[in-house]
Structures are given as C-alpha cells and as structure tokens.
Amino acid sequence: MSVPLVVTKRMTDHPADSHTMERFEATGGYAQARKALDMTRDDIVELVKSSGLLGRGGAAFSAGLKWSFLAPARPAYLVVNGDESEPGTFKDRQLLERDPHQMIEGIIITSIANEVHHAFVYIRGEYAKPARRVQQAVDEAYAKGYLGKGIFGTDFDLEVTVHLGGGAYICGEETAMINSLEGRRGEPRLKPPYFPAAKGLYMMPTIVNNVETVSDLPRILEMGADEFAHLAHENDTGTFMMSLSGHVKKPGNYELAHGITWRELIFEVGGGITDDRELKAWIPGGASAPWFVPEHHLDLEITKEATAAAGSMLGSGAVIVMDETTCMVRAAERVVRFFSHESCGQCTPCREGTTWLEMILRRIEEGQGRAVDLDLAIGVSDGISIDLAWPPKMTTICPLGPSAVSPIKALKDYFRSEVDAHIEGEGCPFD
Amino acid sequence: MSRWSDETQIRAKEIISRYPEKRSAVMPLLYLAMAEDGYLSDEGMTEVGEWVDLTPAQVQAVASFYTMYKRQPTGKYLVSCCTSISCMLLGGDEVLHALEDESGVPHGETDEEGLLSVEHVECIGACGGAVALQVNYELIEGVTPEKARQLVQWLKAARPEAVNTDEMQELFGGVRSFDWAIRDEHAAVGPYPGFQPLGTIRQAGEE
Amino acid sequence: MLISKGRVALLTDLLTIKIDGREFEVKPGELVIKAAEDNGTYIPRFCWHSRMKPVGMCRMCLVEVDTGRGPLLVTACTNEVVDGMSVDTEGDTVKKAQEAVLEFLLANHPLDCPVCDKGGECPLQDQAMAYGPGESRFVEIKRTYEKPIPISDLVLLDRERCILCARCTRFSEEISGDPLIEFMDRGNDTEINTFPDLPFSSYFSGNTVQICPVGALTAKPYRFRARPWDLRMVESSSNFDPAHPRLSIHVSENEILRLVGVDSEPVNHGWLSDKDRFGFEYVRSDNRLTTPLVRRGDQFEAIDWSEALDMVSNRLGLIGDESGGQAIAVLGGSQGTNEDAYALSKFARTVLKTNNVDSLIDERTPAQFLAATVDRGLISDLDTADTILVWGPDLKETHPTLYLRVRRAAQELGVQLVVIHPRATGLDDRADRILRYRPGGGFELLKDLEAGLPADVFDLLTGSVVAIVGQASLADDPQLPESVAAVIRDRAEKVKIIPLTSRANTYGALDMGMAPDLLPGRVAYRSDAMESSWGELPSGQGRGAKSIFEGLRTEEVRALLMVGADPARDLPEEGAVEALELAEYVVAIDAFMNDSNRHADVIFPAAVFSEKEGTTTNVEGRVQKVNAITPAPGSSRPDWAILDDISVRMGAPMGLSSVEIVAKEINAVAPAYQDATWDRLEWEDRDGVVVSDADGALVHIPVRLNGPSAPGAELTLHISKVMYDDGVRLRNCPSLRPLAPGAVVHIHPDDARRLGAQEGFEVDVTTSKGEGRFRARIDVDTPAGVVFVPQNQPSAPRLGIDPVVRIKVVT
Ligand SMILES: Cc1cc2nc3c(=O)[nH]c(=O)nc-3n(C[C@H](O)[C@H](O)[C@H](O)COP(=O)(O)O)c2cc1C
Ligand code: SF4
Ligand code: FES
C-alpha cells in the first residue's frame, strides 16, 4: 500500500522546516526549475503528458494535454487554484502551508512550458495562514531572483501575485475564479465560448491548475515521466492525496496511489470507524460526489474508472465517512445546504432548486415531512440533473447545481426507509 | 481625495500594481476598506470604486457576492464555527450552540459591546480536525463544546490585540488535520484575514 | 487587432443543420436560438436578447444538440450552429428541462398577475402556459421583498417578480454605459438593486422596462394606466432625437399610453432615450392650443378658423403689397414633418415671395454643410470605422442614438474613439483619447491638430475615420464644425462626416429648403432653380435667423411667421423679445403658447407627433414614415394644411390639399427625394431610405476657415444643451419636467475653493450679455478655468454669447 511519496515527501522527512527556503534548497529545491529553463517548451509539455499527471482539482484531466491546448495568443496567464472549499477537502492547505516553495517551483515550470510571465495563486480567503506562508515564500523567491525580472539570471520574466478569495466556494470553478480575479462576481462563465485555454483571464489564454497538480511537477521532472507514471497500480499514474474525515479513527491527508480498495482506505489507512461502530455510508470524492454504501462499494478499487462505473467520482480526493449513528436526512440536508449557500445564483435550476431541496430536507428532519416529499425532492433534483443520470445531464452552466442532488440520490437509492421513519415519526429518529 | 490613511493608500497603490488590470485589485482593496473602517461601509465601497474606476453599485455587486466582506459592523473578534458535513458529524452544531450560549450572541450577530461576533460557516478546509473554528480567520482544530466556551471566556477576559492560531490551538484545540509542525509567528488584528499585503498581521505577542 | 472592427465575416458557405428532423441552411456563426427562430422554430427564452451578449442564465432555451458525439443538453442562446448539427427542441429531455425551469422560476414568483402591468403581455405568463408543468409543487414560503421600490425618477423595481435574467444589468453596462443597477448578493439571495442613495439615474432607464421579461421593472408614467389588450398601436419615429429612433405608439382611448422602441438595424436597435420614450405626455397636455387665437390688447381671444385665416391673409397680403416679400420673414420648420416644412418653404417663396427663411435658430452651423456635405456618413458607418472622432456636443445629452452607437462601436467592435469637448462627456470612459479645450478656443486646437499635435491623436485620425462634428458650446464659432471636417478630410484616407444639429427634424427642414441658401431636395438657392414647378422665385440673398431679428429691430422686416419656433428662448443673442414686441405683425403656428408667440397677433393651433402623417429626415439623411394614431385636440391642424388655406386666401393657392399630395410633390420636385415615396417607406423600406446625391443636388465641400481664439479670461463660460431642458414640449411632460437640472453652474473644485463656493451655494454669474443667480455644482468633470451652464433651463437667467464670465458667491 505504501508508495514513494511525491508531494508530501519533504514535509514528511523534515517536518520542522519543510516550508523554508533553506530546507527547500538543501533538498534539491529549484534545481528542476533551472533544468526547465534549459528545456524547450515542447519537451516539458511532452514530459508532463507522458507522466500521466492528472489534474488534482477534481476533474482529473491530463495536465500535459491541457497545456497543449493553450491557444497561441499572448500574454498567457497561469492561475493556480488554491480555493479548496469543497467539504471534506483540506489537502491543498497542507501543501500551501508546509511546502510553498515546491508549488512555486511548479509554477516556474508550468510558466516556462506555457510561455507565461504572470502567474496568480488564488487562495481562499479563509486560508490566512497558508496565504501568509505562500506570500513569504514568494517574497523569498523574488529576493533570490527566482521570480521577477530575468529569473535565475536568464531573460525569462515571471511575476507571481498571491490573490486572496473572499469566501465563495464557486470561485474554485476555473472560470468563476477567472471572473473573481478580474474583480467581478465569481460567476462561472459559459463554455463555449470562454474556455480558459482560449479566452481566459482578461480574455487571454490561461492555464488553471490545482495546487497539488502544480506541486507534483518538480518531482516529475526529477524522477522522470516514466517513473512517476509507474508509481501507481496498472492503469493509473502517480500518487494523489486523499483527505479522510468524519467518523474514522485517523482522519487526515494521505498521499496514496490508486488501486487500493475502499475497505483498505477506511479500515487500514483510516484506522477504522470511530469507537468501532458500523460504517453506514461514505462520500468518495468530496461533497459533490454520489455516496457509497458498504453493501455495494466497500471492495471496489479506488480508481477513476471503477468509481465512475459505480456512478460516482474521486473528485478532489476527499472521503467523508459516516457511521451507523448518522442521520442520513440530516447529513443530506447539510450537504445540500452547502450547495444552496454556495450557488452563484446565475442558473435558475441551481438558484431555485438547491434552496428548495434544502427546505424540503429541513422540513423532513424537523418532523414536518409529507409522504410525497422524497418524491418531490427527487422531482426537483430531476430538474437540475435530468433523470439523475451519471455523468449528469445538467440543466445548469456548471456542475455545482447538479452536485446538490448527490445526497438526494443516496436517500432514494439506499435510505428511503430512514426518510419514511422521519415522516411517520414526525421527527428525527436519531434525536 | 481619499479618506484613507496614508499607509492604506500606499498599500492600495502597491496592490493595484500587482495586477495587469486595476479592476483585479477590487477584492484586496475591499479588505483594505474593511481594515480602515472595521467593516465594509458604503463609503468604503465608494472609495474602492474610485481606486479602480467602478461605480459604487459595481463594487457592491462584487462585495456582496462574497461572505467575508462584512457590510455590517462586526465585533473585534469574529468567531466562525464550521457546521458543514465533516464538522457536523463530529459535533459542529453543538460547538456552535456552546459559542452562542456562552457569548449570548446568536449566529450572524454581534454583542452590544462590539467585541464578539458569532457565525456558522460552511467548510473551512479543516475537516480532518473537526470540529474546526476560526477567530478572525485564525484556525483552531479539534474544538469541543467545552473548549468553545473557554475560548469565549478567554476572548472576553484577555482581549488580545491580535490572535495567533498556534496559541489558540494549544489552549482550545485538539485533533488536527495534519501536523502543523512549527509555530506561526503571525497574529491577525481584526475580522479580516491577516495577510501581509493587506497589512493586517503582526508578530505574535507584539502589542 | 484581433477583432475585425465589426466587419461582418464574409458570407462563406452556408451550413446545414437539422432542427427537429427538418434540414435548414444557416449562416456560420449564428446562435442556435436565432437560426431556429429564423427558420420557424421558436425556442422559449428569457435572458437572451438579440442586442446583448448571451449569458445563458435563465436556462429556458435548453435543447439537445448532437454533433456526432451523442446528444448534449445545451442552451440554444449560447451555442453556435455547427455543420451537420442536429437540434432537438421538443424531445423528452428538453420538455423535462423546460418544465423544470418554468417551475423553478414560478416557485418564488408572486401570484399577482391581475394587478401587474405586464399582465397580458408577459413572456413568463405566456411561456408558463405554453411550456410549463401546469401546476406548482412548491409549498414552502416564497421569498419576499419590500414591494416596488423606486430605483430612479422614472422606474420602479419589484424584486419579487424579478427572474434575474440580467437584461437590465447588461443593458446598463453593455449598452448605455451607466452600470448603476446590479446583481447584489448571491445564490438564492441574489437580487437586482442599486447602491444606497445612488439611483439608476440613466438617460436610458426606460429601456430596461421595455426589455424586462416580467413586471419587475415598471415605468412610473405607465404603471396601472392600461391593460395591453386595450391598446392600438402604430409605428413611427421619435420627434426628439435627430436620429429619429423608431418606435411604436401605443394608444388607448385616443390617448398615448406609452412609446416602445422598435428594433431598426440602421438606426436605434430598439433603444430609446427616456426623453424619446416618455416625452409624449405633452401631446395630451391640457395646455395644448385648441382654437385659433387673436390678440385683443393684452389678451388672446379664441376666434374661428375662417376669421383667423382671413385676418392673416389680408394683413400679410397688405404688407407684401406695400413693402415686398423681403419685409416678411419665416422661422421654424424643424419640429414638424417634411411635408410641413415643404409647405412652409413653398409658402414663403411662392406666396409670401420672401427668401427670409430659417429653420436654424440656435445652431448656426452652415446650412449647406449640414444638408449637403460631401462624404456624408451613415449611422452604421460607425460600426466599421477605424476611428470615430466626436468633436461637438456631448452626444449622451443631445444625440442619444448616436451616443449608444458610438459607445457600442468603441466598446464592442474595437473601433478607436477620440472625443473633443470642453468638459467631460458621456463617452469619455470608452475613448482612446480625450482632448479638452477652452470654450471658444476650438480653432487654436484645430490648428495644432492640423500641424500634427498631439501626435497620438493625429495618428489615430488615419485610415477610415467617421467625424461627428457639431457645435460643442455656444461659445464655439459656428464655422468650427465645418472646418474640423475639412481638416479631417485632408488627414484621413477615408472620411465620413456626420454634421450635427440637435432639433428633431432640422435635417428634413433643410432638405425642404428652410434656409436662405437652400431649396427642396438639397438644391442651392437660385431664383430660377425651380422655374418649372414653383415658378420664378424672389431674387437676392435672404436673411437667416440672426439677420431676421436685426431686420425686425430696424423695421426692414415688418411681419414674421413662426412655425413651431421659440426664438425668445432659442436665439442665443439677446433682444429677441424686444424685436418681437417691435414687430409690426407676428403670426404663429404652434401647439402651445410659448415665450415667443405670446407676442403674436394671431396663433393657429397645430397638430403634433402622433396626430399627423408624413415623413421625417434624420441625422444621416434617412427618410422615414411617421404615422397618425391620435386625434388632434380641438380644431388643431397640421402646419401644411393651415399654410395651404392661407395661400388660397392670398390668391396664390399652393394646391396642397392633402398630405399625400404634398408627399408626391416632394418626390416630384426635390431631386434627392424622388425615390423616397410613401409606398416604399410603408412597405419594402420600413427602416427608411437614405436620400442621396441626385442630379442637380448640391455637393458641398467643407471649407477650412479661421476663427477666433479663446479669450484670455480667468473663467470661460461653456453653455451647451443637456437632455432635459425647458423647451415647451418637455415643460409639458410632467414626468420629465422635474429632471431638468435648473439654474446651475458647474465649477471645478479648485475654482470653487478660490471663489469660496461650495455645493449648492448661490452664486451670481455675469457676462457682458447677461447676468443672474445660479446654484453652484462642484464638479470635477468641468476643467478648472471653465464653468459650465446647461442651456435653456427652467428659471435660469440668460447669459448671452460671451465666453468671458465672472462669478461671485452670494453672501
Ligand atoms: C463547483 C466547482 C468547484 C471547484 N473547486 C475547485 C477547487 O477548490 N480547487 C481546484 O483545484 N479545483 C476546483 N474545481 C475544478 C476547477 O474548475 C478546475 O478544473 C481545476 O482547478 C483544474 O486544475 P487541475 O486540472 O489541476 O485539476 C472546481 C470545479 C467546480 C465545478
Ligand atoms: S450551476 Fe449554480 S453555481 Fe454553477 S453557474 Fe449555475 S447557478 Fe452558478
Ligand atoms: S435564453 Fe438561453 S439561457 Fe436564457
């Protein structure tokens, strides 16, 4: 189960000072940036493509492929996505706080590969401490001439601006992030025509990559594409961070390779269920993902394909574990409430539908449910994500709205009787 | 003619210079406006608009989209308790109630003195250290209802000029999402993020 | 440059798409929603508007498209057609989506249709009937807001009805350029609102009411007045903006209830300024004249038509017999139709035998330049220019349609913009370069420009340039606009000139010969020019407005006929009132009593706007048909009919017994107008036809003249028009009247400090030609050393033409 660590290696080996310039350079830091400066753009893109590095922001799209789609107009921009706000996810926070230079080196590599001369690190506003660590690291890099005009004594210029969010999960969606960076409301843009690679920040070609994706790059250059690609089991590549939370004995971030099973993850990596209670359900890939239950999913392998085939996704790698004491109506309400609160409000189905769902669930939880309410909730969900299909047939601009139906689907598929108990008993049986 | 202090104006210029287009500076400038007035006032939004050539309505459209720009006066300490799914599973609602009860301030409000504001928030990225809360965006993980009460008492009694995440974590925290490794030497001074470019941090312990 | 300056892509091969199984050929680049509509399939929508960028927010237009990779649910308003695409607009998935969107929209929508202004013509109501689920399953408590809140002087907002389609916010940001109404908050709390204490005071606010797909935005002048099913309507053009934006007049029980913009591609794209939209109230005003009036001492008395006509014919005949036609003068013609102006022009020349005619009263830009400049530009030329130069009035104030079109060109089509004006203008935020000059100093700036300074502006004026030129300030020399045009013609490779004047139908009046040096159809005045139709005309140079008033004072001019003219207000020089008092005989044709016809001997009541049929000619020379739909009050009649009656009684009948006859005669005798027949305008050319050079028509080459320099004064006075003034029609529009700024003087903060003036202080303003008390407005948009006074304001003293001004705070 154990794999060679990639992004968390330095912080594991040197917990006390992994975030400092001294430790970073002492452990090979910035050597790969220097190396990249001697490589051609195409070579870097090719290398990243063949490493099989998949985006870690949720969509798991090949990073190298994304770069190769960048439109030719210039200036091009890089936006590093550190908005991490999906319930269950806290991995980027650790990377930002504990190894900011690693990300900066990744930014340099990405910028060279994509002819970017101004990169932005968009960090959610609530991450004050991680943002401080990053800003400090950026300042140090500027001081050493690793950022700014003519980095490392070459004629390559690179500015890095650390941008703080304002409290809006939707800004994690790449086009919403671009709007936000432009000083606008963080509303997702239409794709087409506003694909970031063509018409992104300031309508120019823009790469958006997750913090972890970018942080992977220095080690990929160091170990080579092939070695990185073969870290994982069979079809998958590299490592990836998973955030474990909820009713597990050992919550936390774990850098893993795909291919272990959910049972291994929850009971071995996570140390099992708190107080050895029974596992009831888990959310496999952040709050957006359709839920899994032990009867059907415990022995599935954790791979992109297997998870998709089972009707869910690995998303941002956040696993939220719920034990037998958890009220599923309440848990569903809490997840739906999140999406309703975070809806940007542009799309009618998301703006109206998510709040409607939240109201229905709250009524049921508070003992005011009607017999028709679960079907009503399913009907409302149907209007946001037609037929509750997987992958979703969205009636919305972005996937936020359709994400809100995942808990409803869980109630429909696995916990109908628990809903009925609420309605018949006019209250929550877990209270 | 800016109402802002000279120092804030220097910061505003510096911030604007970090972006290719000045409209991009709206968000950091909104934080500056909050730091100037203690919250985001109508005058603050108008001022931000003047810096970046937007109408006050355009500025408000942006500001009101985000939850961290408080358009009502907020206490010196903004206590934000996570009640999203992972924290809820481990007692987030109970911690919130403890905060409300001990402080006498319900969610979304501020005490009469202007010392404490309490709010529940969606996920703050500390799910492995549930229940998590923040004071002026400085994090405490693994909080219990009992510790939450002690936090309120401490804020009321000690009234620190600035709050430091490690100090509070030691006093009131428990399980963490990950090893924090070393102490953070910074402290936040108001109900907005403590961040260098905004000038809203101090050295911890410095009064 | 990335954008091809708005030039339409070459009409390459058409694409083939399938809509619900049927094949169509469509243009590449077309949005699915548009392509479907053009081919007979209406896809329901709320947020999409053909004149604004798609936002795809309401999600009503979801369709399934298949481009070979399987069906995909997408919005038809945001996706372009692709060759071979098949579009399903009525399958199960689409139906489900449509029903869902409607149910979501109605979930929080109040059930107040019976009392809603939009009831009966509401897209939400209509589409809910056509595509909705029939009944709502929403049992929760609806979102509530304070019921309608005023967001400006003219517009109310009911947030409960709002469906957040972003049409109003997009309009204010993309089209009119005053983003004062915005989305606030987010998610389910999203609402439309303004900033506290900062109303949506846009000159274009009424458009948001028109495009709001529900009853969320309503216009105060229309609220609760009628239900749409009572309405009769007819298409016409505005009678304020000289671009003549197209509109539809909605009438109930013989009263105009509202005007609605009509989308005319060459002109207004459906937009109207608030003055053009709400400025109809004067038509139904109680102050309208309804019978002929005759002066008896200090009083006017109503008399009947035949008596009045006899009286006027006899007296004018007598004066003509005694002193010849040159003792009679005619002013006006710019407020009516071309038919009115033609009759007036013919009446002056053939009945009164005078060439003392003028329709230009306050603006003295040479008539031949206005009517017949070479390289005359079209409004649509703005879309494809490299550079637009605006050196003239603040278009936002005086030429709203041009303002919107220039803004669009600069903002959306990548056209470069240079704005030259004595103070800030509404276009400055979109200008690539702004130049300011001291009022009266335009010729100095022009000399610099000619010499290549400033170089960056000089550089911008190459390639294809559209020059919009007009008098920016009363202090400007009237020759300046033409000289600017001459200089730009020297400089740029390809030039289009749009010469400005600001009254409703001045271009029409000039084209009908209402200037001493013009005859109908853009023909230079010569006494033998119209021998075959009008016979021999008076010889010698006629008098223009200024000279007519000199003549009245020296008593060389004994009689004056004013048609829709108010020189007492409009003549910039002092002394109009004294001259009118001195005049031996004054006749007026007008809809209202005004400061000038108060001094008349006889006044005939005139029909206006929606009461008469005819044509008008706009700023680009476009002739459009205007139509009648309300009866004129009392016994008022159109100008042409009154004039024809007088001609009969004077023994020189013009033979203009019906408006159709007038129109046909124009086509027959006015060279440039021969093709602008009513037939064409009513059928194949509803957008109008641009009259152009015809055999015998004048082609005027702009001449570079020299003019005065700015006076060396500490403060220079800039007087120019703003949208709302004290013109008699606006004075009789209760909704608009309060919007005039009044007697204010704009002073830069530095000057204000020096003068000890603060916002709202009373100050005395003095020039050598006038003086009076104004309220100070401290204004960074007016440069230091310049003071700005809006022209013709209620209760504002007159300051005459003298750029040297002194200001003293009243203590
Ligand atoms: C609603 C929503 C929220 C998202 N939030 C995040 C986020 O917090 N962090 C992130 O990296 N990606 C997030 N994404 C994914 C981004 O849109 C984008 O795909 C990603 O940043 C690309 O980086 P990657 O290719 O390196 O994964 C979100 C997507 C959606 C639809
Ligand atoms: S789905 Fe929701 S969050 Fe996404 S764009 Fe639409 S309204 Fe905004
Ligand atoms: S009309 Fe297409 S989404 Fe509104």
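The values are calculated or read from the model by the stated rules, or taken from the named source; none is laboratory data. This structure is a prediction, so every number in the text was calculated from the model and none was measured. For neighbour counting, all protein chains shown are included, and Cβ atoms are generated from backbone atoms with ideal geometry for every residue, glycine included. Remember, those area values only see protein heavy atoms, side chains included, never the ligands or the DNA or RNA. Shrake-Rupley method; radii C 1.70, N 1.55, O 1.52, S 1.80 Å.
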How large is the accessible surface of C:Lys625 in square angstrom, using a 1.4 angstrom probe and rounding to the nearest 10? 10 Å²
Which of the lysines could a cross-linker span from C:Lys147 if the Cα-Cα distance has to be under 20 Å and same-chain partners fewer than 8 positions apart are dropped? C:Lys118, C:Lys220
Using a basic spin-label model with each label point 7 Å from the Cα along Cα→Cβ, how many nm lie between C:Asp687 and C:Asp20? 2.9 nm
Once both label points are put 7 Å beyond Cα along the C-beta direction, the B:Ile10-C:Asn314 separation in nm becomes 9.0 nm
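What is the mean number of Cβ atoms from other protein chains located within 10 Å of the Cβ atom of each residue in peptide A:24-36, rounded to a whole number? Could you put the intermediate results ahead of the total?
Values: counts 0, 0, 0, 0, 0, 0, 0, 0, 0, 0, 0, 0, 0.
Average neighbour count from other chains, rounded to a whole number: 0.
Given a 1.4 angstrom probe, I'd like the percentage of the accessible area of region B:58-119 that is carbon and sulfur, rounded to a whole number.
Details: 870 of 1970 Å².
Result for region B:58-119: 44 percent of the exposed heavy-atom area is carbon or sulfur.
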Report the one residue of C:Gln624, C:Pro567, C:Ile642 whose Cα lies farthest in the direction of the positive end of the charge dipole of region C:563-663 (charges on C-beta: Lys and Arg +1, Asp and Glu -1; origin at the Cα centre). C:Gln624
What is the distance in Å between the Cα centroid of region C:391-448 and that of region C:697-749? 15 Å
Between C:Leu453 and A:Phe156, what FRET efficiency follows from the Cβ-Cβ distance if R0 is 45 Å, with the result rounded to 0.05? 0.65
Working out 0.36 nm times the residue gap between C:Ser248 and C:Glu37, then minus their Cα-Cα distance, what length gain in nm do you get to one decimal? 73.7 nm
According to a simple spin-label model (label point 7 Å from Cα along Cα-to-Cβ), what is the distance in nm between B:Glu21 and C:Ala130? 3.6 nm
Can you list the residues, at least 5 places off or on another chain, whose amide H is less than 5 Å from the amide H of C:Leu435, using H built in the peptide plane? C:Val419, C:Ile420, C:His421
Using a 1.4 Å probe on the protein heavy atoms, what percent of the accessible area of chain C belongs to carbon and sulfur? 49 percent
Once you charge only the Cβ atoms, +1 for Lys and Arg and -1 for Asp and Glu, what is the size of the charge dipole of the protein assembly as shown about its Cα centre, to the nearest 20 debye? 1660 debye
Charges at C-beta only: +1 for Lys and Arg, -1 for Asp and Glu. How large is the resulting dipole of chain C about its Cα centre, in Debye rounded to 20? 1000 debye
Rg in Å to one decimal, and Dmax rounded to a whole Å, for region A:356-431 via C-alpha atoms: 12.7, 39
Given the rule -39500 (n - 2.57) for each run of at least 4 DSSP H residues, summed and divided by the residues of the protein assembly as shown, what is its mean residue ellipticity at 222 nm, to the nearest 500 deg cm²/dmol? -9000 deg cm²/dmol
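Greater than 29 Å separation of Cα atoms is the criterion. Which listed pairs, A:Lys280/A:Lys304; A:Lys66/A:Lys149; B:Lys22/C:Lys494; A:Lys49/A:Lys249; B:Lys13/C:Lys808; A:Lys49/A:Lys409, meet it? Mind dumping the intermediate values first?
Working: A:Lys280/A:Lys304 23 Å; A:Lys66/A:Lys149 27 Å; B:Lys22/C:Lys494 36 Å; A:Lys49/A:Lys249 37 Å; B:Lys13/C:Lys808 39 Å; A:Lys49/A:Lys409 36 Å.
Where the Cα-Cα span goes over 29 Å, the pairs concerned are B:Lys22/C:Lys494; A:Lys49/A:Lys249; B:Lys13/C:Lys808; A:Lys49/A:Lys409.
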C:Glu555 label point, 7 Å along Cα→Cβ, cut-off 20 Å on backbone N: hits in region C:309-326? C:315-326
Chains B and A, summed buried accessible surface - 1.4 Å probe, Å², nearest 100: 5000 Å²
Return the unpartnered cysteines for chain A, using a Cβ-Cβ cut-off of under 4.7 Å. A:Cys171, A:Cys327, A:Cys344, A:Cys398, A:Cys428
Could you work out how far helix B:6-17 tilts from the main Cα principal axis of chain B, as a 0 to 90 degree angle to the nearest 10? 80 degrees
In whole Å, how far is the Cα centre of region C:597-663 from that of region C:323-368? 14 Å
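Is there a simple number for the mean count of other chain Cβ atoms within 10 Å of the Cβ of residues in B:15-26, and what is it?
Numbers: counts 1, 0, 1, 7, 9, 10, 5, 1, 5, 10, 3, 6.
Rounded to a whole number, the mean comes out at 5.
Taking the Cα centre of region A:96-213 as the origin, how large is its charge dipole in debye, to the nearest 20, when only Lys and Arg (+1) and Asp and Glu (-1) carry charge on their Cβ atoms? Don't skip to the answer; put the middle values down first.
Details: 12 positive and 15 negative charges, 68 e Å.
Charge dipole, region A:96-213, about its Cα centre: 320 debye, nearest 20.
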PRE zone check, label point 7 Å out along Cα-to-Cβ of C:Arg773, amide N under 11 Å, scope region C:790-811, hits C:810-811
Could you run the Karplus curve 6.51 cos²θ - 1.76 cosθ + 1.60 with θ = phi - 60° over region C:793-800 and give me ³J(HN,Hα) per residue in whole Hz, x for Gly and Pro? 10, x, 6, 9, x, 8, 10, x
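Could you tell me what percent of the accessible area of region A:1-151 is made up of carbon and sulfur, with a 1.4 Å probe and every protein chain present?
Details: 2620 of 4690 Å².
Here carbon and sulfur together make up 56 percent of the probe-accessible area.
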Show the residues, 5+ positions off or on another chain, whose built amide H is closer than 5 Å to the amide H of A:Ala76. A:His117
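How much accessible area is lost when chains A and C come together, counting both sides, with a 1.4 Å probe, in Å² rounded to the nearest 100? Before the final figure, lay out each step's value.
Numbers: alone 17090 and 31470 Å², together 45640 Å².
Roughly 2900 Å².
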Site B:Glu109, offset 7 angstrom along Cα→Cβ, radius 20 Å on amide nitrogen, limited to region B:129-154, gives B:149, B:152-153
Could you work out how far helix A:128-143 tilts from the main Cα principal axis of chain A, as a 0 to 90 degree angle to the nearest 10? 10 degrees
On a straight-distance basis, which lysines could pair with B:Lys156 in a cross-link, Cα separation under 26 angstrom, same-chain partners fewer than 8 positions away excluded? A:Lys129, B:Lys70, B:Lys76, B:Lys147
What angle do you read, to the nearest 10 degrees and between 0 and 90, between the alpha-carbon axis of helix B:145-158 and the longest principal axis of chain B? 50 degrees
Across the residues of B:191-202, average count of Cβ atoms on other protein chains within 10 Å? 4
Please give every one of the lysines within straight-line cross-link reach of C:Lys346, meaning a C-alpha to C-alpha distance under 24 Å, and leave out same-chain neighbours fewer than 8 residues apart. C:Lys546, C:Lys612, C:Lys625, C:Lys664
Out of residues 5 or more away from B:His186 or on other chains, whose amide H comes under 5 Å of its own, with H placed 1.01 Å from N in the peptide plane? B:Ala204
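Rolling a 1.4 angstrom probe over the protein heavy atoms, how many square angstrom per residue are accessible across chain C?
On the way: 29490 Å² over 811 residues.
Here the residues of chain C average 36 Å² of exposed surface.
Per 0.36 nm of contour for each residue apart, how much would the distance between C:Asp153 and C:Ser306 grow if the chain were fully extended, relative to their Cα-Cα spacing? Let's see the in-between values first.
Values: separation 153, 0.36 × 153 = 55.08 nm, distance 4.51 nm.
Full-extension gain reported as 50.6 nm.
Send over a whole-number figure in Å² for the accessible area per residue of region A:164-322, probe 1.4 Å. Numbers along the way, then the final one.
Numbers: 4670 Å² over 159 residues.
That works out to 29 Å² for each residue.
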Convert each backbone phi in region B:160-172 into a coupling constant with the Karplus relation 6.51 cos²θ - 1.76 cosθ + 1.60 (shift: θ = phi - 60°), then list the ³J(HN,Hα) values in order as whole Hz, x for Gly and Pro. x, 4, 9, 10, 10, 4, 5, 4, 5, 4, 5, 6, 10
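Among C:495-502, B:85-92, how do they line up from the highest to the lowest mean number of other beta-carbon atoms within 10 Å? All intermediate terms of the calculation are to be shown ahead of the outcome.
Details: C:495-502: 24.6, B:85-92: 26.6.
The most tightly packed comes first, giving B:85-92, C:495-502.
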Got a sec? Which residues of region A:276-325 lose 20 Å² or more of accessible surface with every protein chain in place, vs. that chain alone, 1.4 Å probe? A:Ile320
Expressed in angstrom and rounded, the centroid-to-centroid distance over alpha carbons for region C:191-264 and region B:99-131 is 49 Å
